[in-house]
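The values are calculated or read from the model by the stated rules, or taken from the named source; none is laboratory data. From a predicted model like this one, the values you see are computed outputs, not experimental measurements. Cβ placement follows ideal geometry from the backbone for every residue including glycine, while neighbour counts extend to all protein chains displayed.
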Amino acid sequence: MSDEVYTHFEVKSRDGICTVRVTSNQIRHPEAAEVFKAELMEVLEREQPRALVIDFEGVNYLGSSIFAVLIAMRGELETRGILYAICGLHPDVELASNIVGLPRLVAMYDDVAAAREAVRQVLERS
């Protein structure tokens, strides 16, 4: 588990799976999205995970800038060979994610337990 303090999330790592639990109930502005991205990159460098799960439970609004970050992260994580999953989307946030095509690019799950189990199974097979 990381002792670092982040602006928008908390981090737990176990068994090669890094779970980022978003603690902000909204990420609206481009500046906030840039902070989110920079801190997420710090986590990747520090934790060196085999998989990343981002848990958005409790988040009721994401601006377009954060969707751009989540889409760009796919390429970064793919380059590093890190599995990537998102979970816990509020219905309104899920609707927006569908509009921007996020589910075509990133594995989506209802909750963190389902996401962690899915990536764990993939990691066991590899």
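One table, with the values for the structure above:
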item: Residue within region 110-126 that is modelled with pLDDT of 95 or more, closer than 24 Å to Gln26 by Cβ, touching an Asp or Glu at 6+ places or on another chain (Cβ under 8 Å) and not acidic (Asp, Glu) present; result: yes
item: Qualifying residues in region 10-26 (those that are out of contact with any Ser or Thr (no Cβ under 8 Å at 6 or more places or on another chain) and part of a strand (DSSP E or B)) - the one farthest from His90 (Cα to Cα); result: Arg14
item: Check on Thr7, part of a strand (DSSP E or B), under 24 Å from Asp92 (Cβ atoms) and of a type in the set (Val, Ile, Thr); result: no
item: Among the candidates Glu10, Glu4, Glu34, residue that is under 21 Å from Val119 (Cβ atoms) and surrounded by fewer than 19 Cβ atoms within 10 Å (Cβ to Cβ); result: Glu10
item: Hits in region 42-57 (condition: outside any helix (DSSP H, G or I) and either over 22 Å from Glu117 (Cβ atoms) or not aliphatic (A, V, I, L, M) (or both)); result: Gln48, Pro49, Arg50, Asp55, Phe56, Glu57
